[in-house]
Amino acid sequence: MNIKTGKGVITLTALVGIWSVSALTSLPGLAISPILDDLSHIFTNASDLDIEMLTSLPSLMIIPFILLAGWLTEHLGYMRLLYWGLGLFALCGVLYFFCDSINELLLVSALLGIGAGIIIPLSTYIISYFFDGEYRTQQFGYSSAINNVTLVVATVAVGYLADIKWRLPFVVYLLPFLSLLLMPFVARAGEKVATANISKKSVSPSVATIQYRPLMWYILYYFLVTYLVMAVGIDLPFLMGEYSYSSGSVGVVTSIFYLAIMLPGFFLNPIMRFLKGRVTGTSLMMIALGLLLVYVSKEIVLITIGCFVAGAGYGIAQPYIYDRSSQYAPPQKTAFALGLVMTMNYVAILLYPFIIDFFQKIMHTSSQRFSFGFNSLLAFAVLFFLLLYRVNSSSNEKQ
């Protein structure tokens, strides 16, 4: 079965290989979270900092290697880097089962972050390489949806596996072996795309170099929307605990939040056509309203609706940002441009607790509701300035 790409056709097997790489980008750190308490009892000589570093170390390593991978793609080629990244990721999945000390776990976690940092920008680059036009937009939507489906399914699976034995959650880190099996099909499809582009002498990149000015807008916007929805990802369990809801209820609401992020990816092209030039404003408005609803209500139904609306707003923004960002760089520099954008996701995740803590101290509050109200207010403020900028721009054009 052949799949149309806007640049020709690829096999369904190659497409599954591309999707499998997208599925891996949500996994780093996932297996560690449910066993942190177990590890503190197993490795009694480990400090609290050692245990906390197990979750943060992969993200810390991912950030520089996302940028490095984007640069190396231009010089070494995307397939070679994909094999390296997937191989290192898969190797770490095996090594976790043989770690007998906290230092060994930390070392393998660092290596896992390096492997993930290599494949994360390539997961979007290969979409921009193989697809064009509406086909590319559609695939960025599918990629985002697959990423979030994997996150939800793996989170549930890891929770059950952790109850059986503390090492079993590391099974999820063996998924790169599936991608490695599919890479030869992706490589053969890539050779056909390269040959087709060489034969089309009229084909030329739309831009000669990275257009940093418009790209910077999407970099900042990605940081903003990721930072805003981290209120749900991090603070929702504490807020619902404050309202005396069970952990089961928290799990259901959190799953609905990730479901909402996933759904727009399957319908991205119709959503883009409907919203036209209002995508950024609409997605930001949805996040602002969703967070506000969580802030003002203690009823689980309204909290769930708020999380769903905020998640859907983010689910529209994320693939749209990838799609637009890929258009501001020539083909040989697309991986680096996308790396710059995707780095902001991890920077926002790392900085979120510090930013919220800083403003909580200024406001002299420790309420779990604070992050939802503050982030909602911030989103509305940015919306106001965007609207003001658009009105001023329209006035200047008329003059």
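The values are calculated or read from the model by the stated rules, or taken from the named source; none is laboratory data. All figures in this text were calculated on a predicted structure; none of them were measured in a lab. Cβ coordinates were reconstructed from backbone atoms using ideal geometry, including for glycine residues, and neighbour counts include every protein chain displayed.
Residues in the stretch 28-53 that are surrounded by 14 or more Cβ atoms within 10 Å (Cβ to Cβ) and part of a loop (DSSP other than H, G, I, E, B): PRO28, GLY29, LEU30, ALA31, ILE32, PHE43, ALA46.
This table checks each residue for (1) assigned by TED's automatic domain parsing to the domain that holds ARG213; (2) in contact with a helix residue (DSSP H, G or I) (Cβ under 7 Å, 6 or more places away or on another chain); (3) under 21 Å from VAL296 (Cα atoms); (4) of a type in the set (Gly, Ala, Ser).
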| residue | (1), (2), (3), (4) |
| --- | --- |
| VAL341 | yes, yes, no, no |
| VAL347 | yes, yes, no, no |
| LYS361 | yes, no, no, no |
| ASN375 | yes, yes, yes, no |
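Of the residues making up the stretch 12-27, not one is modelled with pLDDT of 90 or more and outside any helix (DSSP H, G or I). When residues in the stretch 285-325 are screened for being closer than 30 Å to LEU215 by Cβ and out of contact with any Pro (no Cβ under 7 Å at 6 or more places or on another chain), 21 of them pass. Of all residues in the stretch 5-15, none satisfies being over 17 Å from GLU191 (Cα atoms) and loosely packed, with under 15 Cβ neighbours inside 10 Å. Can you confirm whether the stretch 173-184 contains a residue that is in contact with a Leu (Cβ under 9 Å, 6 or more places away or on another chain) and under 22 Å from GLY315 (Cα atoms)? Within the stretch 173-184, not a single residue is in contact with a Leu (Cβ under 9 Å, 6 or more places away or on another chain) and under 22 Å from GLY315 (Cα atoms). Taking the listed residues GLY70, GLY93, the one that is in a helix (DSSP H, G or I) and at pLDDT 90 or above is GLY93, with no other qualifying.
The number of residues in the stretch 107-145 that are part of a helix (DSSP H, G or I) and either over 22 Å from ALA69 (Cα atoms) or outside the structural domain of LEU67 (by TED's automatic domain parsing) (or both) comes to 8. The residues of the stretch 226-259 that are among the polar types (S, T, N, Q), within 18 Å of the chain's Cα centre (by Cα) and modelled with pLDDT under 85, listed by number, are THR254, SER255.
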